[in-house]
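Asks: Mind having a look at this structure? Questions to follow.
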Amino acid sequence: MSYRKTAFGSVCSKRIFSNVFVLTLVLGSTAGSWAQIYVSPKGNDKAPGTKERPVQTLARARDLTRAQEKKEVLLAAGVYRLREPLLLSQQDSGLKVAAAEATHPVISGAVQVTGWTQIDASRNLWKAAAPSGLTNSRQLYVNGVRASRTRGRLPVSLQMTATGYTASDATMSHWKNVSDMEFVYTGGNAVWNEPSEGLGSWTEPRCPLAAIDGTKIVMLQPCWDNSTQRVMLPSGARTANLVGPKSVGKEPTYVENAFELLGTPGEWYFDRPAGTIYYVPRAGEDMHHADVEVPVLESLVKVAGTATEPVHDISFSGIGFAYATWLGPSGSNGFSEIQANYQVTGKDGYSKQALCTLVPDGECPYGDWTKTPGNVSVDFGKNIQFLNDVFVNLGAAGLDLASGTQNSMVEGCVFTDISGNGLQLGGVAAPLAPVADFTSGNHIENNLFRNVGAEYRGGIAIVVGYARDTVIAHNQLDHLPYAGISIGWGGWPDKIKLPGQANHSANNLIANNSIHDFMLVLSDGGGIYTQGRTGKDLTDGEKVTGNVIYNQYSSGHGIYTDNGSAMITITGNVVFHTNHDNINSRHRDYYDGQTGENFDPLIYADNWWQQGDVDSEKEQVRVSGNRIIHALSDAPQDILDNAGLQPKFREAVQRSFTAFVNTSSPEPPSRVAAFGMDGSAYVTWSPSVFDGATPVLSYTVTASNGRTASIETSKFMEQAYMKFDGLTRGQSYTFKVSAVNAKGVSAPSLPSRSVVADAHKMTVPQPPAEASAFVDHDKASIHFQTPLYDGPKQDELPVTAYAVTIQPGGRKVYLTGRNVIALQEGKHVTFGVVDGLKPGESYQFSVSAINAAGEGEPKTVAGIPIAQHP
């Protein structure tokens with residue numbers, strides 16, 4: 001099935017993987033002046049740019065083509081180190097930049113760091129002089145693998161103040177370069193004694209420190225006010241932004257970029273006043289011969305048009321875009337996240353930015369918060385193409401196709417190891433721009449997105465603001481800390497019975513994507529997430545079809561129609577092993593002068609899922625023909641086979657990935673939490689997002705007394721925790737976790753908070769607060785809610801599994817995993833599926849919770865006849 005329009009001509013109708021041949025097919029027979037410029041890192045900018053005498057720089061090649069009507073730049077193999085971003089304007093329209101056949105050229109914004117010497121053998125600590133002119137960078141790469149800035153738990157306890165914190169002692173006042181340190185607040189599910197910080201469980205904000213004087217810690221403004229003083233509605237019930245809480249948690253999850261924390265392999269520190277870079281090598285890294293790259297530029301390529309003079313018909317083919325930083329979070333704004341790496345910025349950001357009529361002097365339009373920039377960006381571009389390119393080792397968003405981008409294509413590309421969002425399309429600043437100027441007609445197809453959000457964990461693989469006629473199809477998205485695809489914006493005002501932001505979005509299609517192993521760190525997101533209105537009615541509203549979404553880790557949804565979502569048709573998708581398949585909310589309609597008596601139209605039809613909602617049509621939400629599955633293989637094979645990269649792209653995309661991404665040991669797991677018991681502890685964690693480009697085989701848990709225990713990845717993913725035995729009763733312990741793959745062992749995670757291996761009241765759990773069942777043929781979807789306790793939750797043994805008993809026969813099915821472990825707090829309902837039922841018979845189901853003391857009393861579901869789906 002083809003989703004392409006004719007705007008792309010021969011390139012889209014016939015894909016040929018020889019880049020030179022493709023461009024000749026497009027340009028070779030075109031009349032008019034012609035320029036074909038060759039570039040090589042070994043070239044000379046005084047040369048004419050012929051194949052025999054290439055130029056050396058992209059800027060020189062661009063300049064040589066500007067007088068020509070048709071122009072092509074061919075890059076030989078090698079690294080092209082930019083001193084400034086490559087700027088392409090309207091006069092560069094028609095330019096084609098391609099890799100010479102069978103090469104992998106890299107456009108780089110980094111400089112190499114050489115001259116390493118070991119200065120502390122006991123810690124294996126090395127140092128090198130910073131390259132000349134380097135003032136700051138947030139990234140360092142060793143042999144192509146991202147190093148982590150130093151991080152650790154705080155050595156003091158903190159009490160929040162209006163300007164920062166009061167520390168329990170003056171330890172940190174003696175640390176060097178205090179103003180380069182940052183406090184980081186990780187959201188996500190609150191599990192045991194690991195709280196959810198952040199500005200919502202979908203965020204990971206961070207703020208720099210300004211100063212420490214004794215025990216007084218002063219945080220940098222305006223980041224601090226923007227992250228702790230978000231203005232409330234007059235009712236006091238919600239923040240005026242309607243998205244998250246007023247303030248970050250009381251204490252940061254960890255501190256980052258402190259010299260005193262050096263010592264963990266794979267971590268680095270830049271002592272800026274001294275001009276010295278420090279690094280602790282990983283196993284096997286030889287610093288005398290390692291390729292160490294520090295990004296300097298914040299932008300590699302800017303395609304810069306305007307509404308009146310758009311840039312058009314530019315393509316990049318077979319190019320690697322690598323090694324760029326972004327210094328915004330190091331400045332006074334820090335990284336005060338709202339959602340999807342959008343941030344609150346500016347002196348009065350917390351009280352005015354994007355709040356429009358919800359506050360006095362609010363800035364409009366509602367929801368116009370600050371977007372993360374792209375290391376490669378397009379402003380007002382038409383017919384711009386990125387074909388078979390790789391976006392890797394980048395410090396901002398990978399590619400930003402900003403508002404006004406039209407009829408452009410991103411196809412066959414790889415997006416990996418990117419600090420923020422992978423690909424951004426459109427924006428949120430101009431929801432009512434004229435349709436002629438609207439972001440429209442763009443295609444994102446057959447791309448691989450993996451390990452985006454590598455630094456800013458709220459990053460999403462594909463983020464679309466307001467757009468029309470968008471096609472997002474046949475992409476593969478996996479190993480993501482948060483959501484896969486986010487589209488739409490501005491629907492939150494329905495929380496307070498107001499219409500969401502009006503916009504001209506329409507006719508967007510999300511089809512046949514494969515999304516798996518997502519939301520590995522943060523929560524309250526989805527494989528596909530939609531916000532706000534998507535069209536004027538169901539005919540031109542968003543279509544979500546043929547997607548296969550599975551293996552979500554944190555609590556959230558497979559397909560998530562969030563606040564104000566309207567005019568969406570969701571059909572023929574497969575959703576498996578998620579906390580919720582679809583939110584299936586019935587949003588009251590406040591658009592177009594409605595008062596909430598009506599509801600926003602949505603259709604959920606003919607999907608394959610575990611949720612099992614019965615057919616219904618009420619409040620303008622139609623649920624029909626959906627089928628329950630117990631395993632992915634229960635879904636139609638043609639849907640499974642058709643999702644993700646199409647066959648002709650699979651080999652090429654994998655080849656591009658392996659050409660640019662080195663295998664290594666994994667990154668450490670995160671969000672390690674523990675629960676102490678009598679002589680043992682339960683330990684859980686979020687899996688490694690970056691797996692080292694080879695699967696994680698097992699995890700090793702190390703207690704603070706030096707004892708270790710291991711668990712295979714498959715077992716951990718099945719139950720989502722490990723029981724650590726052999727502890728001394730009454731002793732306090734912390735736990736670190738390392739990931740193991742075929743290349744080696746990761747550095748250890750940050751330690752869990754301290755727990756005591758002490759006795760608890762060995763009482764079995766109460767029954768689940770609710771239990772219900774939906775039946776389809778030989779399967780039943782069993783829904784259950786966390787038991788509601790009478791006493792303090794921390795005194796109760798955690799629930800680690802649920803048992804579903806099926807009568808007649810007494811067969812038991814055990815439901816385990818992250819859904820269970822994440823249900824330790826609050827009112828929360830999830831589900832699991834039992835199979836092997838006999839059509840035509842009646843069954844009774846009961847659900848009981850299990851903890852270390854045993855199985856509790858069941859909650860019984862009334863008898864249900866097994867028949868065809870209602």
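Asks: Nearest 0.05, what FRET efficiency do Asp835 and Ala759 give at R0 = 30 Å with Cβ-Cβ as r?
Replies: About 0.15, to the nearest 0.05.
Asks: Another question, then. Compute the distance in nm between two label points, each set 7 Å from the Cα along the Cα-to-Cβ direction, one at Gln594 and one at Leu788.
Replies: 3.1
Asks: Shifting gears a bit: Under the classification rounded if a/c is under 1.5, otherwise prolate if a/b is larger than b/c and oblate if not, where does the chain fall, given a ≥ b ≥ c as square roots of the Cα gyration tensor eigenvalues?
Replies: oblate
Asks: In nm, to one decimal, how far is the modelled label at Ala274 from the one at Lys497, with both set 7 Å along Cα→Cβ?
Replies: 6.2
Asks: Val79 to Asn143: FRET efficiency via 1/(1 + (r/R0)^6), r the Cβ-Cβ distance, R0 22 Å, to the nearest 0.05?
Replies: 0.95
Asks: Another question, then. Find the relative contact order for the chain and round it to a whole percent, using C-alpha pairs within less than 8 Å whose residues are 6+ positions apart.
Replies: This gives 8 percent for the chain.
Asks: Show me the ranking of peptides 764-777, 711-724 by mean Cβ neighbours inside 10 Å, starting with the highest.
Replies: For the peptides 764-777, 711-724, the packing ranking is 764-777, 711-724.
Asks: For segment 37-94, give the percent of accessible area contributed by carbon and sulfur heavy atoms, probe 1.4 Å, rounded to a whole number.
Replies: Carbon and sulfur atoms account for 47 percent of the accessible area of segment 37-94.
Asks: Please list 371-382, 203-214, 614-625 highest first by mean number of surrounding beta-carbon atoms within 10 Å per residue.
Replies: 371-382, 203-214, 614-625
Asks: Glu770 to Lys536: extension gain in nm, 0.36 nm per residue of separation minus the Cα-Cα distance?
Replies: Once the chain is fully extended between Glu770 and Lys536, it gains 80.4 nm.
Asks: Using the heavy atoms of the protein chains alone and a 1.4 angstrom probe, what is the accessible area of the chain per residue in square angstrom?
Replies: Value for the chain: 35 Å² per residue.
Asks: Here is a follow-up. Sorted by mean Cβ packing within 10 Å, highest first, what order do the peptides 278-289, 174-185 take?
Replies: Ranked from most to least packed, the peptides come out as 174-185, 278-289.
Asks: If you don't mind, there's one more thing I want to ask. Of the accessible area of segment 527-596, with the probe set at 1.4 angstrom, what percent is carbon plus sulfur?
Replies: Result for segment 527-596: 49 percent of the exposed heavy-atom area is carbon or sulfur.
Asks: Still on this structure, I have one more. Relative contact order of segment 645-713, please, whole-number percent, based on alpha carbon pairs below 8 angstrom and at least 6 residues apart.
Replies: With pairs under 8 Å counted, the relative contact order is 25 percent.
Asks: Can you give me the long-range amide H partners of Met232? Hydrogens built in the peptide plane at 1.01 Å from N, cutoff under 5 Å, separation of 5 or more residues or another chain.
Replies: Under 5 Å from the amide H of Met232 lie the amide H atoms of Ala240, each far enough along the sequence or on another chain.
Asks: Classify segment 512-656 from the C-alpha gyration tensor, please: rounded if a/c falls under 1.5, else prolate or oblate depending on whether a/b exceeds b/c.
Replies: prolate
Asks: State, as an integer percentage, the relative contact order of segment 361-460 based on alpha-carbon contacts under 8 Å between residues 6 or more apart.
Replies: 29
Asks: Would you mind telling me the share, in percent, of accessible area of segment 226-289 contributed by carbon and sulfur at probe 1.4 angstrom?
Replies: 51
The values are calculated or read from the model by the stated rules, or taken from the named source; none is laboratory data. No experiment lies behind these values; they were computed from the predicted model shown. So basically every Cβ, Gly included, is an ideal-geometry build from the backbone, and we count neighbours across all protein chains shown. The accessibility values were calculated without ligands, DNA or RNA, using every heavy atom of the protein model including side chains. Shrake-Rupley method; radii C 1.70, N 1.55, O 1.52, S 1.80 Å.
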